[in-house]
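*Asks:* The structure's right below; bear with me while I get my questions together.
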Amino acid sequence: MQFPALIPYGWNDRWLGPMLEHPGCQPARVVRHDGAGLLIATPDSGVVAAPLVARLDPAPTVGDWIAYTPPVTLVAVLPRLSLLRRRSALGESAQALAANVDVVLLVCGLDRPVKKGRIQRGAALALDAGATPVIVLTKAALADDADAMAAAVAGENPGIELLVTSAKEGVGLDALRLLARDRTVTMLGESGAGKSSLVNALLGAEVAASGPVRAGDSKGRHTTSSRELHVLPAGGVLIDTPGIRAVGLWVEPEAVDATFDDIDELALGCRFADCGHDTEPSCAVLAAIAGGELAPERLDAWRAFHREAAATALKASPQESARRGRQPARDTKDAPRRKGH
Ligand SMILES: Nc1nc2c(ncn2[C@@H]2O[C@H](COP(=O)(O)OP(=O)(O)OP(=O)(O)O)[C@@H](O)[C@H]2O)c(=O)[nH]1
Ligand SMILES: [Mg+2]
Ligand SMILES: [Zn+2]
């Protein structure tokens, strides 16, 4: 089975095996999901609309590879390599944002203050998905001092790659092109952060609608309303997403530890393997705070994230709980010494 038309969409041989489970079907990738239906990229007919089929489990999301029978009957969603999801607005369940993603860009506009919590939350979601988070500070040309802001953000988020870009002004785009090559990349960021503008800059065309931000606080107006996958001319695909106000955590504890790599590292020196870094004796994390090497707010954030991750576990359905029993997505150096926070 060869599907040259699907290669720009990220098709490769690893999907052949899963397709064998669906004899008589063709593969396709979901390029848009707007509630009512899907657009799928097909091997022979280009991008076509496909009505949603209720019995599909899981429900397909943008980035999914699916098996279908022509003209457009959806048969199955192929097992995902990764899934970016967040806590739904009501807080009771997970909302899928994008499937089979390799990289999640945490997009922040430098025309407004960068919110530390947002980046940490986005990083936790990305790591939980099994994807790599990359901070993208954009609209550098509109910042008073882009370098100083970037240095501050880098300092607050040790271990996460950071790119400074300016979509309209063509700054930092080559680095993004390189990052996206042969990968599926998606974005998280509040409305008006500049996500669609980055899409357009990488496409070299005004394909994704972008809209003005409010004067004064630079808040966006939710210009993008559906999640859409774009094929980049230099290779790779980029999924544009609507701006989200609240990045609700729906993650496993491992993703929290991965987000706070520095604390995880320090915790190796605690006397107790399950140290809560609270009142325990010989706590290396508290010692680092006392010694000024670790900001106390970072431990506060770590604690709050773990509380939220624990709440997720309680709310998860039995089905979800079974899924969560899987191996942690992160292939980390310290995976064997996971602690039961
Ligand atoms: N000068 C300059 N303006 C930018 C840049 N990036 C975005 N903008 C402007 O910022 C505003 C918001 O950009 P969008 O790309 O629509 O933001 P978004 O993140 O897609 O917003 P939503 O779709 O609402 O989530 C628009 O007026 C853009 O023209 C940039 O790099 N430089
Ligand atoms: Mg947009
Ligand atoms: Zn400790």
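*Asks:* Please go through the stretch 83-102 and pick out each residue that is modelled with pLDDT of 95 or more and surrounded by fewer than 22 Cβ atoms within 10 Å (Cβ to Cβ).
*Replies:* Asp102
*Asks:* Also, quick follow-up: Quickly run through the stretch 42-61 and pick out the residues that are without any contact (Cβ under 8 Å) to a residue 60 or more places away in the chain and either under 20 Å from Thr186 (Cβ atoms) or among the polar types (S, T, N, Q) (or both). Write out each step before concluding.
*Replies:* Start the filter on the stretch 42-61 by keeping residues that are without any contact (Cβ under 8 Å) to a residue 60 or more places away in the chain, which leaves 42-60.
Passing the criteria: Thr42, Ser45, Val47, Pro58, Ala59, Pro60.
*Asks:* Where in the stretch 161-236 are the strands (runs of 3 or more DSSP E), entirely inside, with at least 2 residues that are over 13 Å from Val103 (Cβ atoms) and within 13 Å of ligand 2 (Cβ to nearest atom)?
*Replies:* Answer list for the stretch 161-236: 227-231.
*Asks:* Among the numbered conditions (1) part of a helix (DSSP H, G or I); (2) under 17 Å from Ile239 (Cβ atoms); (3) in contact with a strand residue (DSSP E or B) (Cβ under 7 Å, 6 or more places away or on another chain), tell me where Val153 comes up short.
*Replies:* (2)
*Asks:* Quick one: His277 ticks every box in (1) within 16 Å of ligand 3 (Cβ to nearest atom); (2) surrounded by fewer than 20 Cβ atoms within 10 Å (Cβ to Cβ); (3) in a loop (DSSP other than H, G, I, E, B) bar one, so which box is it?
*Replies:* Of the numbered conditions (1) within 16 Å of ligand 3 (Cβ to nearest atom); (2) surrounded by fewer than 20 Cβ atoms within 10 Å (Cβ to Cβ); (3) in a loop (DSSP other than H, G, I, E, B), the odd one out for His277 is (2).
*Asks:* Out of Leu106, Leu178, I need the residue that is assigned by TED's automatic domain parsing to the domain that holds Gly236, within 14 Å of ligand 1 (Cβ to nearest atom) and closer than 30 Å to Arg14 by Cα. Which one? Working first, answer last.
*Replies:* Details: Leu178 fails: within 14 Å of ligand 1 (Cβ to nearest atom).
Of the residues listed, the single one that is assigned by TED's automatic domain parsing to the domain that holds Gly236, within 14 Å of ligand 1 (Cβ to nearest atom) and closer than 30 Å to Arg14 by Cα is Leu106.
*Asks:* Take the residues in the stretch 122-152 that are within 19 Å of Val101 (Cβ to Cβ) and surrounded by fewer than 24 Cβ atoms within 10 Å (Cβ to Cβ); name whichever of them is farthest from ligand 1 (Cβ to nearest atom).
*Replies:* Gly130
*Asks:* Select from the stretch 222-270 the residues that are within 16 Å of ligand 3 (Cβ to nearest atom), in contact (Cβ under 8 Å) with a residue 40 or more places away in the chain and over 21 Å from Leu125 (Cα atoms) and list them in ascending order.
*Replies:* Listed by number, the residues that qualify are Ala267, Leu268.
*Asks:* Tally time: how many residues in the stretch 280-305 are among the acidic types (Asp, Glu), within 15 Å of ligand 3 (Cβ to nearest atom) and outside any loop (DSSP other than H, G, I, E, B)?
*Replies:* Of the residues in that region, 1 qualify.
*Asks:* Next up: Would you pick out the residues in the stretch 197-217 that are over 19 Å from Arg183 (Cα atoms) and either assigned by TED's automatic domain parsing to the domain that holds Tyr9 or more than 8 Å from ligand 1 (Cβ to nearest atom) (or both)?
*Replies:* The answer is Ala205, Glu206, Val207, Arg214, Ala215, Gly216, Asp217.
*Asks:* Are there any pairs, at least 6 apart or on different chains, whose C-beta atoms fall under 9 Å, with the first in the stretch 205-220 and closer than 21 Å to Leu238 by Cα and the second away from ligand 2 (no atom under 14 Å from the Cβ), and if so, which?
*Replies:* Gly220/Arg214
*Asks:* Right, next: Return the total of residues in the stretch 46-66 being in contact with a helix residue (DSSP H, G or I) (Cβ under 9 Å, 6 or more places away or on another chain) and farther than 22 Å from Gln95 by Cα.
*Replies:* Applying the first criterion (in contact with a helix residue (DSSP H, G or I) (Cβ under 9 Å, 6 or more places away or on another chain)) to the stretch 46-66 yields 46, 65.
Okay, now just the ones that are also farther than 22 Å from Gln95 by Cα, so 46.
Selection size over the stretch 46-66: 1.
The values are calculated or read from the model by the stated rules, or taken from the named source; none is laboratory data. Note that the structure is predicted; figures quoted are calculated from it, not measured. Cβ sites come from the backbone with ideal geometry, for glycine too, and all protein chains shown count toward neighbours.
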